[in-house]
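Structure first, then comments.
The values are calculated or read from the model by the stated rules, or taken from the named source; none is laboratory data. Model, not experiment: these values are computed from the prediction. Positions of Cβ are generated from backbone atoms using ideal geometry, with glycine treated the same way; all protein chains shown enter the neighbour counts.
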Amino acid sequence: MATLTTEQQATARQWIAEGMKISDFQSRLETDFACKLTYMEARFLIDDLKVIPKDPEPPAPPAAPAVPAASAPAVGAVEPDAVVPPDGNLGGGDVQVTVDAVTRPNAMVSGRVRFSDGQGAAWLIDTQGRPGLVADEKGYRPSQPDLMAFQVSLERELAKLGY
């Protein structure tokens, strides 16, 4: 152990017990006791003093923003259950999804979809996980509600098959 008197050892123990960092402890030993030690020697001294350094206190998490107590949801607010209704009907009408028994080449899974307006398309998820949709009629684009209903229906069909 470094040549510290019993009184200096007690003071050094107190510094560490109060949570002083080792680098600060090292500097304080030099300024207060004229005892210049390397970082490793300071570590060994702490061990010799039989004191366990405290871990620094983690910073307090930022306070959550105050949520105004309102009896009705704010204008334009979306309730979690309103995103996908329990029946899966997103206003896209009747969208029917099927999964192919034999998967298309270069696809992990593929199938067909019939949108609410009667138009059909082939769909696939390629080997890299990218989705694709090829309409039967060139230039056809399904409506946004139909696409949302397709996504929900596709998830359900794939979940049934364990995908």
Can you name the number of the only condition in (1) at pLDDT 90 or above; (2) over 33 Å from the mean Cα position of the chain (by Cα) that Asp94 fails? (1)
Entirely in the stretch 1-55, the helices (runs of 4 or more DSSP H) that have 1 or more residues that are modelled with pLDDT of 85 or more and in contact with a Gly (Cβ under 7 Å, 6 or more places away or on another chain): none
